């Protein structure tokens, strides 16, 4: 080998050796950098080899404590840290740029670049950790804080697109321990005042809350009142020793009763909601507690405005984003009429109205005083004689009866040893046309016709009118369950709405609307966001079946069990009363029903344990229709 070739070979060896050495340095620094970034993302620095800002070895445990302190209120929301390129190595030190993406809320991410230094000690590359690694130029000893601006809650809109629920002034009534002179007198007087305005407040826990108050000057909330309600008893409340008051705004419906169970209320998040939704809410958050407010809470809440601060310095801000609205089909005039109709009813009750032409739900009222229980949608109760509309549809459709088919209507009749009787004092009518048996609501006539429906005739008729079909209204609803099969006695009971058949008021209003319209359409309540799985329209119903049924339902009003409403002006009223036994041990306990339509409004009225439909439900329907003016 020549001397020149020898020198060349040695030069190549030196160069290759130099490259390998440099590559090793790069690999070691990059590996240390990636390990540190991964630990930072997870918030677990304990046990790692690090250096402080002076290049002195720093234990991972010490760094962990400093990381937790520095991140403060952001510690639970871990950042995503991305390395930009390779470390820049200069002898025994290196630097690398990273991009930090910190999700300070579900909708706002704070993004910035930071520099990570590394120092080489013996064979190890040690990432340098300091508060300024987390956030550049962060003051020493500073702790990050989140400052939130609550977003405007989205409105619940009516069918015309106008807000049903909007921010209204409320007064929070509280007590301050150091102002109380006589606790027993305080509670007694408050109880009396709240009774005057028909506001139910449980004060049994108030003494314990006073005893365990954080300080003598603590504000202990007792009740939140609408401003107009508070003004009625303002003077009396302010004279009570120990009371204190705060004004605020909350999303509220036009009145305390207005579609209350459906729309729902908002309030401070409960422990139960916190436990069911880990990480979603924080103590003190205002959330939907029931109804549409709860169902669409995430949509209505919007995104809070957020600021990240270190001391007085603001490092990041994101504006609040109001919650999108939820649009419904409710009609204010119809809802007010429904609420007014149930205003004096002390028993649990419901009145629901549906527009015949398009199935839009116009009103959902629940009594007494706008109960939080949405019986209008979720009740699962026997329909009683309102179900004769369904069984008569089946009998007409299969050709078993006509308007004038003669039928016996004795006071009682027996099937398989079980005795059936007529309700509401109806005695023996003898043999009468089918139309009369329907109008007078003769149970025994339908017992006679039950075999003509067969084992599944009721279920088929119910399905044609939407009962038991899967619905999607955008909120919980029970569409019914129709009795099938069973013994002859069970089929006889089912023919006039007893037995195992169960319905809700909205299901029966939808069925009445189908008879009026000529086709079943699932009622519609929430239009935006649209429900994912609404039921398709049913087939067109035969005119030859519907016309005699409509005639019978008109005669219920003109000469039958709802004759008390014969004089109502406006569009003709069609209906069917119902008295439904629900306690086998005590047949005198009955639910009261009245369903039907007038003009373009179909309705169902239900009163739990309300006695006879003619005596109880019919007058409520009359009040509703008269107020509405259809």
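Evaluate E = 1/(1 + (r/R0)^6) for residue 185 and residue 231, where r is the Cβ-Cβ distance and R0 equals 22 Å; express this FRET efficiency to the nearest 0.05. List each step's numbers first, then the result.
Numbers: r = 24 Å, r/R0 = 1.08.
Once the sixth-power term is evaluated, E becomes 0.40.
Using 14 Å as the cut-off for backbone N distance, which residues of region 601-630 belong to the label zone defined by a point 7 Å from the Cα of residue 346 along Cα→Cβ?
Within reach of a label on residue 346: 610.
Would you mind checking the radius of gyration and Dmax of region 588-630 based on alpha-carbon positions, in Å?
Cα radius of gyration and Dmax of region 588-630 are 10.8, 35 Å respectively.
Any chance you could list P(r) for region 151-207, counting all Cα-Cα pairs in 5 angstrom bins from zero, rounded to whole %?
Answer for region 151-207: a P(r) of 4, 13, 18, 16, 11, 10, 12, 9, 6, 2, 0 percent.
Tell me, what is the FRET efficiency for residue 586 and residue 274 to the nearest 0.05, using R0 = 41 angstrom and their Cβ-Cβ distance as r?
Values: r = 43 Å, r/R0 = 1.04.
Calculated value: 0.45.
Provide Rg and Dmax in Å for region 156-328, with only Cα atoms included in the calculation.
Cα only, region 156-328: 18.7, 52 Å (Rg, Dmax).
Please arrange 74, 289 by how many other C-beta atoms lie within 10 Å of their C-beta, fewest to most. Display every interim value, and only then the final one.
Numbers: 74 20, 289 17.
Listed from fewest to most nearby Cβ atoms, that is 289, 74.
Using only DSSP helix segments of four residues or longer, with each worth -39500 (n - 2.57), what per-residue ellipticity at 222 nm results for the chain after dividing by its residue count and rounding to 500?
Value at 222 nm, helices only, nearest 500: -9000 deg cm²/dmol.
Fully extended, how many nm does the chain gain between residue 62 and residue 162 (0.36 nm per residue separation, minus their Cα-Cα distance)?
30.2 nm
Fewest first, what order do 576, 309, 542 take by the number of other Cβ atoms within 10 Å?
Arranged by neighbour count, lowest to highest, 576, 309, 542 become 542, 309, 576.
Testing the spin-label approximation: label points 7 Å from Cα along Cα→Cβ at residue 152 and residue 414. State their distance in nm.
According to this spin-label approximation, the distance is 7.2 nm.
What is the gain in length, in nm to one decimal, between residue 543 and residue 122 on full extension, counting 0.36 nm per residue of separation less the C-alpha to C-alpha distance?
Numbers: separation 421, 0.36 × 421 = 151.56 nm, distance 9.54 nm.
Extra length available between residue 543 and residue 122 comes to 142.0 nm.
How do 317-326, 141-150 rank on mean C-beta neighbours within 10 Å, highest first?
Highest-to-lowest ranking by the protection proxy: 317-326, 141-150.
With labels modelled as points extended 7 Å from the Cα through the Cβ direction, what inter-label distance (nm, one decimal) is found for residue 145 paired with residue 73?
Each label point is offset 7 Å from its Cα along the Cβ direction, giving 0.7 nm.
With r defined as the distance between the Cβ atoms of residue 398 and residue 530 and R0 fixed at 56 Å, what FRET efficiency is calculated, to the nearest 0.05?
That pair, residue 398 with residue 530, gives E of 0.95.
Quickly rank 61-68, 410-417 as a protection proxy: mean count of other C-beta atoms within 10 Å, highest first.
Working: 61-68: 16.9, 410-417: 13.4.
Taking the mean over residues of other Cβ atoms within 10 Å, the ranking is 61-68, 410-417.
Return 434, 389 ranked ascending by Cβ neighbour count within 10 Å, so the fewest neighbours appear first. Before the final figure, lay out the partial values.
Details: 434 24, 389 28.
The fewest-first ordering by Cβ neighbours comes to 434, 389.
If the chain between residue 282 and residue 559 were fully stretched, how many nm would it gain, using 0.36 nm times the residue separation less the Cα-Cα distance?
Gain in length upon complete extension: 93.6 nm.
At 7 Å along Cα-to-Cβ for each site, give me the label-to-label distance between residue 209 and residue 115 in nm.
5.6 nm
Work out the P(r) tail for region 382-534: percent of alpha carbon pairs separated by more than 23 Å, whole number.
The proportion of pairs with Cα distances above 23 Å equals 37 percent.
Can you give the Kirkwood hydrodynamic radius of the chain from its Cα pairs, in Å with one decimal?
On the way: mean 1/r = 0.0334 Å⁻¹.
One decimal place: 29.9 Å for the Kirkwood radius.
Since every read-out is calculated from the coordinates, none of them should be taken as a lab result. Please read these numbers as outputs of a predicted model, since none were measured by experiment. Cβ: placed from backbone, ideal geometry, glycine included. Neighbour counts: every protein chain shown.
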